[in-house]
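Structure, as structure tokens:
The values are calculated or read from the model by the stated rules, or taken from the named source; none is laboratory data. Here the structure is a predicted model, which means the values were calculated and not measured. When we count neighbours, we look across all protein chains shown, and the Cβ atoms used for this are built from the backbone with ideal geometry, even at glycine. For the accessible areas, the whole protein counts, side chains as well, though only heavy atoms, and no ligand, DNA or RNA atoms are used. Shrake-Rupley method; radii C 1.70, N 1.55, O 1.52, S 1.80 Å.
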Amino acid sequence: QVYLKESGGGSVQSGESLRLSCVASGYTYVSYSWGWFRQVPGKEREGIAILDRDGRTTLADSVKDRFTISADNTQKILYLQMNSLKPEDTAMYYCAASEYIVVKKFREEEYNIWGQGTRVTVSA
């Protein structure tokens, strides 16, 4: 069983940067797809950055050119570098993984392993 734990959230001003980390433990040698999702109260969880099992990255339009997803496979850490943060980026951020083939990358139901989240607050 793979466990995920996020860290790196916090409170920042608009225009600043944060880097979120997601440490994977209980890792097996099965290929996974990885993703970062975020959620604000009253709204559905939104997929924003995906690293698929072939190493390709996909970013949502809302974060493209500002966020980067990457992984340190040796340390088993997934990162989300967030630059030029905006107040609308305020949310709980979750790391997710899927050991199955993902068809719709930003669909949360495609991912079966989730972390508990880390909160990001961006003030104007």
### Query
Counting only protein heavy atoms, what percent of the accessible surface of the chain is carbon or sulfur at a 1.4 Å probe?
46 percent
#### Entry: Relative pair counts by distance (%), Cα atoms of the chain, 5 Å bins
2, 12, 24, 26, 20, 10, 5, 1, 0
### Message
Need the list of lysines near K105 for cross-linking: C-alpha distance under 21 angstrom, and skip anything on the same chain fewer than eight residues off.
### Response
K5, K43, K64, K76
### Task
Please give the FRET efficiency for Y100 paired with S70, using the beta carbon to beta carbon distance and R0 = 22 Å, rounded to the nearest 0.05.
0.50
### Query
On average over all directions, what projected area in square nanometres does the range 7-58 have, based on the convex hull of its Cα atoms?
5.3 nm²
### Residue of S31, S98, S70 that the Gaussian network model of the chain assigns the largest fluctuation, springs spanning Cα pairs under 10 Å
S31
### Query
Just in the range 12-73: which trypsin sites (Lys or Arg not before Pro) are loop by DSSP and have at most 14 other Cβ atoms within 10 Å?
K43, R56, K64
### Message
Once R0 is set to 22 Å, what does the formula 1/(1 + (r/R0)^6) return for the Cβ-Cβ distance between D61 and Q116, expressed as a FRET efficiency to the nearest 0.05?
### Response
0.25
### Accessible area of the range 20-64 divided out per residue, in Å², using a probe of 1.4 angstrom
53 Å²
